[in-house]
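Here the structure is laid out as structure tokens; the discussion comes afterwards.
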Amino acid sequence: MKRLAKRLLVFACALSSAQAEDIALPPVKNIALDDSGCFHLSLGADLRERYESYQEPGFGLRGISQDDYLLQRVLLSADLQAGKDLRVFFQLGSHLETGKQSPGPTDIDEFDIQQAYVDFGWSLDSGSKLLLRTGRQEITLGSGRLVSVRDGANIRRSFDGGRLGFTSGGMKVDAFAVRTVELQVGGLNDETNSGESLWGLYGVLPLEILPGGHADFYYLGLDRHDAVFEQGTALEKRHSFGTRLWGNPGAWDYNYEAVIQCGTFGSADILAWTIATDTGYTFGSLPWKPRIGLKADIASGDPDANDDRLATFNALFPKQPYFSEASLLAPSNLIDLHPSLKLQLTDELSLTADWDFFWKQRGGDAIYSPPGRPLVAAGSSDSRYIGSQANVGIEWQLAVTTSWALYYSHFLAGPAVTDAGGRDVDFLGSWIEFKF
């Protein structure tokens, strides 16, 4: 642990010299490649060192009592713009870990293609535009509750496939069909995952009847082989229909989302749902501009694992972190109430403190952990109370190109966990990131 912490400290000190001003860089953005100015090239890099320490990871149910490790991410990109309507983007990634007792599939990928896609654009007479993107690409939809890049993990999530977007004024509609990327340790060996497909339609438009309002409407289809729930393992074909209302009228901000799901899991029918809310108020005239927030979420669980129905909500490809940087719970069979306070201490430095309370939505279903697999089986306890988690975090923008963060969490395990032999969890995470 001391060796890993020292390595992180040395890296932080090297980059913190950039505080209050940009690190001097050569001109690597918008480089003209011809005299006509038609072709431009931009180079980029994203370097992140992340240290994590867990006391009783996974509530101590995975046979590991202490885990301290360092995760390293290096992303290098080249972005070629040819005229107004043609773009080629290429990004290589290297992802390493040091000291983790049981590395997972999103921890190590020594050298591979993170993104590689081509954009074709068409400008329409009405001022609207069509954009076709084909190749390996990252996708975030809306607030990332169902589809996101998974930035908290060492390896961000990529998809292989195509995406067609239409924009007109404040409206945007995307249609896409993609497969996930199957990660392989080694070099240039990641493959398209034929056992996991995602397709759908996602639209965003202004909603004038709400102050500062916008609305998202979407359909997402999922085909996943060997999906795992408390009910068992089977082929999952799931259809998600959702809407999101969001805006920032003055001092208030809100983000409300509702989803209903249907489909099949093996021979069982699926009927699941979720409602997620996030409401905040910022006191802009007070020192430190405090924001008081309240999140309240409910995601359906399955009352009976032995019947011919599956009611467990599946968050598909959610953002990580979802509830906290500790990433202990997945948003399936869950109720949570999450008050928070954020202070903007300076323009570059913010402090966040929050406390999250968790219950199982259905006692007859499991407690699920990321990426959505059962952690504590149904029947382990008569209680539905999972526990509560206190979190505090600091984020510091050292320079335009450099940021640093520090987070601590303590999870007070409730009877639904302790009756199964689980224990409290402590998490400490810190990372520094350099981007240009």
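Would you mention how many residues in segment 349-388 are among the hydrophobic types (A, V, I, L, M, F, W, C), out of contact with any Pro (no Cβ under 6 Å at 6 or more places or on another chain) and either in contact (Cβ under 8 Å) with a residue 60 or more places away in the chain or over 17 Å from Ala413 (Cα atoms) (or both)?
Total satisfying the criteria: 7.
Any chance you could count how many residues in segment 78-117 are in contact (Cβ under 8 Å) with a residue 24 or more places away in the chain, assigned to a strand (DSSP E or B) and small (Gly, Ala, Ser)?
Residues meeting the conditions: 4.
Quickly run through segment 27-77 and pick out the residues that are at pLDDT 95 or above and either among the acidic types (Asp, Glu) or in a loop (DSSP other than H, G, I, E, B) (or both).
Asp46, Glu49, Glu52, Glu56, Asp67, Asp68
For segment 379-396, which residues satisfy the criterion of being of a type in the set (Gly, Ala, Ser) and within 18 Å of Ile298 (Cα to Cα)? If you could, list the steps in order and put the result at the bottom.
Step one: of segment 379-396, the residues of a type in the set (Gly, Ala, Ser) are 379-381, 383, 387-388, 390, 393.
Result: Ser383, Gly387, Ser388.
Here are the criteria: (1) closer than 21 Å to Phe323 by Cα; (2) part of a strand (DSSP E or B). Tell me which single one Gly142 does not satisfy.
Just one mismatch for Gly142, condition (2).
Can you name every residue in segment 416-433 that is surrounded by 22 or more Cβ atoms within 10 Å (Cβ to Cβ), under 20 Å from Tyr69 (Cα atoms) and small (Gly, Ala, Ser)?
Matches in segment 416-433: Gly429 only.
When you look at Tyr202, is it within 23 Å of Pro339 (Cα to Cα) and within 20 Å of the chain's Cα centre (by Cα), yes or no?
Here the answer is no, as Tyr202 does not meet what is asked.
Looking at segment 298-353, which of its residues are under 28 Å from Gln261 (Cβ atoms) and acidic (Asp, Glu)?
Result: Asp302, Asp304, Asp307, Asp308, Glu325, Asp336.
Given (1) crowded, with 21+ Cβ neighbours inside 10 Å; (2) in contact (Cβ under 8 Å) with a residue 40 or more places away in the chain, identify the lone condition not met by Phe159.
Answer for Phe159: the failing condition is (2).
Test of understanding: among Phe59, Phe39, which residue is in contact with a Lys or Arg (Cβ under 9 Å, 6 or more places away or on another chain) and either closer than 30 Å to Ser380 by Cβ or surrounded by 14 or more Cβ atoms within 10 Å (Cβ to Cβ) (or both)?
Of Phe59, Phe39, the one residue that is in contact with a Lys or Arg (Cβ under 9 Å, 6 or more places away or on another chain) and either closer than 30 Å to Ser380 by Cβ or surrounded by 14 or more Cβ atoms within 10 Å (Cβ to Cβ) (or both) is Phe59.
Report whether or not Arg136 is assigned to a loop (DSSP other than H, G, I, E, B) and either of a type in the set (A, V, I, L, M, F, W, C) or touching a residue at least 40 places away in the same chain (Cβ under 8 Å) (or both).
When the stated conditions are applied, Arg136 does not pass them.
Condition test on Leu201, is it surrounded by 16 or more Cβ atoms within 10 Å (Cβ to Cβ), at negative phi and in contact (Cβ under 8 Å) with a residue 24 or more places away in the chain?
no
Go through Ala12, Ala24, Ala20, Ala5 for me and flag whichever is at pLDDT below 80 and crowded, with 16+ Cβ neighbours inside 10 Å.
Ala12
If I ask for residues that are buried (at least 16 other Cβ atoms within 10 Å of the Cβ) and within 22 Å of the chain's Cα centre (by Cα), which ones from segment 75-88 would you list?
Within segment 75-88, Leu75, Ser77 qualify.
Is segment 337-346 home to any residue that is under 23 Å from Thr140 (Cα atoms) and in contact (Cβ under 8 Å) with a residue 12 or more places away in the chain?
no
Here is a list: Asp151, Asp125. Which entry is under 29 Å from Ala215 (Cα atoms), of a type in the set (Asp, Glu), outside any strand (DSSP E or B) and more than 24 Å from the chain's Cα centre (by Cα)?
Being under 29 Å from Ala215 (Cα atoms), of a type in the set (Asp, Glu), outside any strand (DSSP E or B) and more than 24 Å from the chain's Cα centre (by Cα) holds for just one of Asp151, Asp125, which is Asp125.
The values are calculated or read from the model by the stated rules, or taken from the named source; none is laboratory data. Just so it is clear, the model here is predicted, and its values are computed rather than measured. For neighbour counting, all protein chains shown are included, and Cβ atoms are generated from backbone atoms with ideal geometry for every residue, glycine included.
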